[in-house]
Amino acid sequence: LMAMLDEAGFTSVVATDCDQTYERYLRPGDRLHQSATIESVSEEKSTALGAGHFITTRSDYHDQHGDLVGSMRFRILKFRPKPKPDPEAPARPPRPRPSLTQDNAFWFEGARQRQLLIQRCASCGLLRHPPRPMCSACRSLGWDTVEASGRGHLHSFVVNHHPRAPAFDYPLVVALVDLEEGTRLVSNLVDVEPAEVKVGMPLEVSFVRFGDDLTLPQFRPA
Ligand SMILES: [Zn+2]
């Protein structure tokens with residue numbers, strides 16, 4: 001039966017369920033005999049794994065007196081594996097896109113134009129990041145932006161090894177960067193070996209494109 005299904009292209013197998021019934025405990029010295037029966041073979045079914053046939057077999061175990069001591073019903077799916085993904089298709093998903101809101105859209109639009117912007121309170125002039133609607137000092141809702149010099153230093157960092165998201169290169173240096181204007185942002189470091197990264201090292205912005213619609217400020221040693 002298995003060879004027939006293999007020949008028909010149903011070459012993969014997965015166990016689906018198993019029921020066991022015990023009639024009595026076994027004792028040392030029992031001599032058991034097993035007999036197997038194919039109980040059923042289903043029509044071809046489509047499953048998430050691929051099209052295939054469910055095969056139910058029953059194994060009966062008898063003792064030396066011919067009495068049934070236990071049986072097992074075992075069901076497998078013999079299926080035709082789905083074709084592998086097209087090797088020409090892009091090997092990795094794109095870098096995740098930011099969730100744009102009316103508060104942060106200006107910042108990502110600035111990055112797309114290779115400008116590192118900082119939000120500034122229109123009333124008291126306090127700089128703030130990440131973008132938000134209200135000034136924490138004077139509660140003004142008015143704001144504009146200034147363009148950062150792009151210079152700063154490394155406040156802290158982690159070197160990420162696991163878990164690996166396929167859109168990123170590893171090891172991935174995730175950095176907290178203090179800009180010389182005084183605000184702090186989360187970014188990645190580029191053009192540096194993870195072992196060379198030191199807290200306090202001077203950094204400068206480097207705009208990196210991730211496809212047509214996303215450019216992000218990253219930082220490299222200055
Ligand atoms: Zn303010």
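Scanning region 135-166 for residues that are within 21 Å of Leu179 (Cβ to Cβ), within 16 Å of the ligand (Cβ to nearest atom) and hydrophobic (A, V, I, L, M, F, W, C) yields Cys135, Ala137, Trp143, Val146. Just to be sure, is Thr57 β-branched (Val, Ile, Thr) and under 36 Å from the mean Cα position of the chain (by Cα)? Taking the combined requirement at face value, the residue does not satisfy it.
Being within 30 Å of Gln20 (Cα to Cα), away from the ligand (no atom under 16 Å from the Cβ) and modelled with pLDDT under 95 is a description that does not apply to Arg97. Only one of Asp63, Asp6 is at pLDDT below 90 and surrounded by 10 or more Cβ atoms within 10 Å (Cβ to Cβ); which? Of the residues listed, the single one that is at pLDDT below 90 and surrounded by 10 or more Cβ atoms within 10 Å (Cβ to Cβ) is Asp6.
Table: residues versus (1) free of Cβ contacts under 8 Å to residues at least 40 places away in the same chain; (2) buried (at least 16 other Cβ atoms within 10 Å of the Cβ); (3) among the hydrophobic types (A, V, I, L, M, F, W, C).
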residue: Cys138; (1), (2), (3): yes, no, yes
residue: Leu141; (1), (2), (3): yes, no, yes
residue: Ser149; (1), (2), (3): yes, no, no
residue: Arg164; (1), (2), (3): yes, no, no
residue: Asp169; (1), (2), (3): yes, no, no
residue: Arg184; (1), (2), (3): no, no, no
residue: Asn188; (1), (2), (3): yes, yes, no
residue: Val197; (1), (2), (3): no, yes, yes
residue: Leu203; (1), (2), (3): no, yes, yes
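The values are calculated or read from the model by the stated rules, or taken from the named source; none is laboratory data. Keep in mind that this is a model prediction, so the values were computed, not measured. No Cβ is skipped: glycine too gets one built from the backbone with ideal geometry, and neighbour counts run over all protein chains shown.
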